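Read-outs throughout are calculated quantities, based only on the coordinates presented, and are distinct from any laboratory measurement. Since the model is a prediction, treat every value here as computed from it, not as a measurement. No Cβ is skipped: glycine too gets one built from the backbone with ideal geometry, and neighbour counts run over all protein chains shown.
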Amino acid sequence: MKYFPHLYRLDAEDRYLIWISNESEGVVADAEGFVLTFNDADAVRSHADLKHYQLEDEEPILQDLDWVGTWLNTPGMPVNCVEALNAWNLFSDVARSIQGRGRAFERLDPQFPGIYKKLFWGNNLPSLTPEGKHFTPQWSPDEITALTEVLGAGLEMFRSCTRRFQQDFQQDS
């Protein structure tokens, strides 16, 4: 398993969690199924040391979950494929890590593979996009409604299952 510090912004606050990469991605959660979040990179390293996790040295890239909240509350705002796909992927990883507490998101996640594919191709990854080409997805009202449901359920799940790690409070994760 590989462990990575993962930086995210929610409610205008930057925090960290620990993302796990193996056969099935996930995040570090405590024994009660809450995702542990940390104030800063030093707190992440301290917890990783305590649990004997070897953190990878990659510099985390900020994931802006505030974009999700803004998009959900701003009808007609264009879909940012990068932000939407990153959020969907994080929510999927969290759902796998929290012992069935993300049922609303888990129910919706596999229902919309076509929307997920549009987001993926809309990222225009250089390794997959021919030179000089750019894919801009066109979204139907039904697809926007479905994406709103998925990201809304994911954000609600994320908010309900995160727990601020307290340095003096021992966690079983």
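Please give the peptides 145-151, 74-80 ranked by average Cβ packing (other Cβ atoms within 10 Å per residue), highest first, as a rough proxy for protection.
On the way: 145-151: 18.0, 74-80: 11.4.
Answer by packing, highest mean first, reads 145-151, 74-80.
On average, how much area does the Cα convex hull of the stretch 72-173 cover when viewed from any direction, in nm²? Provide the component values of the computation, followed by the final result.
Values: hull surface 34.5 nm².
That works out to 8.6 nm².
In nm, what is the difference between 0.36 nm times the number of residues separating ALA41 and GLN99 and their Cα-Cα distance? It would help to have the intermediate numbers written out before the result.
Working: separation 58, 0.36 × 58 = 20.88 nm, distance 2.60 nm.
Working it through step by step, the gained length comes to 18.3 nm.
Quick one: net charge of ASN86's neighbours, Cβ under 14 Å, K/R +1, D/E -1?
Values: positive: ARG9; negative: GLU25, ASP64, ASP66, GLU83, ASP93.
Surrounding charge for ASN86 is -4.
Which whole DSSP H helices in the chain pass both tests: a Cα extent of 18 Å or more along the axis and a mean Kyte-Doolittle value no lower than -0.5? Provide the component values of the computation, followed by the final result.
On the way: long enough: 81-97 (24 Å, 0.34); 141-161 (30 Å, 0.37).
Once both thresholds are applied, what remains is 81-97, 141-161.
Write down Rg/Rh for the chain, rounded to two decimals, with Rg from the C-alpha atoms and Rh from the Kirkwood relation over Cα pairs.
Details: Rg = 16.7 Å, Rh = 17.0 Å.
Radius of gyration over Kirkwood radius for the chain works out to 0.98.
Can you grab the distance from the C-alpha centre of the stretch 119-141 to the C-alpha centre of the stretch 84-100, Å, no decimals?
22
Set Lys and Arg Cβ to +1 and Asp and Glu Cβ to -1, take the dipole of the chain about its Cα centre, and tell me which of TRP88, THR136, ILE115 lies farthest positive.
ILE115
Hey, got the Cα dimensions of the stretch 124-164 along the principal axes, in Å, largest first?
44, 30, 9
Just order 58-69, 124-135, 15-26 by mean Cβ neighbour count inside 10 Å, highest at the front, would you? Can you show the working numbers first?
Details: 58-69: 15.7, 124-135: 8.7, 15-26: 17.4.
Final packing ranking: 15-26, 58-69, 124-135.
Could you give the length gained by full extension between HIS134 and ARG163, i.e. 0.36 nm per residue of separation minus their alpha carbon distance, to one decimal place? Mind dumping the intermediate values first?
Working: separation 29, 0.36 × 29 = 10.44 nm, distance 3.95 nm.
Gain on extension, HIS134 to ARG163, equals 6.5 nm.
Given the alpha-carbon gyration tensor of the stretch 1-95, what are the semi-axes of its equivalent ellipsoid in whole angstrom, ordered largest first, with each equal to the square root of 5 times an eigenvalue? Can you show the working numbers first?
Details: eigenvalues 131, 38, 29 Å².
The answer is 26, 14, 12 Å, longest axis first.
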